[in-house]
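Scroll down for the structure; my scribbles are underneath it.
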Amino acid sequence: MKTYITAIIAAAFLLGGCMKEASNFRELLDEREITYPGPVSNIKIYQGNLRVKIQWNPSPDPSIHQYILYWNNKGDSLLMPAGGGKTSDTVSAVVSGLLEYVQNFTLYTADAKGNRSIGQSISGVRMYGPLYNSSLTNRLLRAETPYDSTGPDQYTLYFETTDTTLGAGTSLTYLDAGQQLKTVVVDSRSDQAVIDQAPAGTKVAVRSSYIPVKNAIDTFRVTYSDTLTLN
């Protein structure tokens, strides 16, 4: 009988301790239940010139009131109204004025009561800017045969193969026989271009453009032009 009574007393103390602990947690939570709004899906990144576009599909959670995007170690943020929408819709935010280094972002959804979702991290996003631009060079003409005279006041220029994914084209600018400014754009997939109404001695400015990564939102031009004289 003594053992039985002791067990009852021990159980009572244990139950009392658990109830007290649960009560402490309720006090810490200010008598509120934690609610986590649904996260977004299919997050994509599109880099640009000291800026980035972050794109996603909305969560099916109808309680979502806004999106909160943090970067710069949560020193900077952007708030966007959710505005409803289907999960097949696309939402995007463009963050500008960034520095040219690797940046991390965290995206939250939030309801009207201020409850936030679990943060979704977007890490290791490289920014591109003046340093990247200064590394670019114009597309090279073929060393052994840079051009041929293929008709009266007409020349065909021959280019070395370039990256067809990141090369955004090369502009050839010159004054024609009538002193009119003309521009011919050479696609990165093409290795030659025809210059018309260009008498001997015509100077052609060659300037190429690139994107830093596939699907970038900005195109970078080489900071200088190379000059070719047709003879």
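Just so you know, all these numbers are worked out from the coordinates, no wet-lab data involved. On a predicted model such as this, the values are computed, not experimentally measured, just so you know. Virtual Cβ from ideal backbone geometry, glycine too; neighbours counted across all protein chains shown.
Tally up the residues in region 66-103 that are in contact with a helix residue (DSSP H, G or I) (Cβ under 6 Å, 6 or more places away or on another chain) and not charged (D, E, K, R), please.
Counting residues in region 66-103 that are in contact with a helix residue (DSSP H, G or I) (Cβ under 6 Å, 6 or more places away or on another chain) and not charged (D, E, K, R) gives 0.
Find the residue count for region 72-102, including only residues that are aliphatic (A, V, I, L, M), surrounded by fewer than 11 Cβ atoms within 10 Å (Cβ to Cβ) and in a loop (DSSP other than H, G, I, E, B).
The total comes to 1.
Please work out if Ala205 is in contact (Cβ under 8 Å) with a residue 24 or more places away in the chain, out of contact with any Gly (no Cβ under 8 Å at 6 or more places or on another chain), surrounded by 18 or more Cβ atoms within 10 Å (Cβ to Cβ) and aliphatic (A, V, I, L, M).
So Ala205 fails the test.
Applying the selection to region 31-49, what residues are crowded, with 17+ Cβ neighbours inside 10 Å and within 12 Å of the chain's Cα centre (by Cα)?
Once the filter is applied, which keeps residues that are crowded, with 17+ Cβ neighbours inside 10 Å and within 12 Å of the chain's Cα centre (by Cα), region 31-49 yields Tyr46, Gln47, Gly48, Asn49.
Which one of these does Thr162 not meet: (1) in contact (Cβ under 8 Å) with a residue 60 or more places away in the chain; (2) in contact with a Ser or Thr (Cβ under 7 Å, 6 or more places away or on another chain); (3) not basic (Lys, Arg)?
Of the numbered conditions (1) in contact (Cβ under 8 Å) with a residue 60 or more places away in the chain; (2) in contact with a Ser or Thr (Cβ under 7 Å, 6 or more places away or on another chain); (3) not basic (Lys, Arg), the odd one out for Thr162 is (1).
Answer yes or no as to whether Ala193 is exposed (fewer than 12 other Cβ atoms within 10 Å of the Cβ) and either assigned to a strand (DSSP E or B) or touching a residue at least 24 places away in the same chain (Cβ under 8 Å) (or both).
For Ala193, the condition - exposed (fewer than 12 other Cβ atoms within 10 Å of the Cβ) and either assigned to a strand (DSSP E or B) or touching a residue at least 24 places away in the same chain (Cβ under 8 Å) (or both) - is not met.
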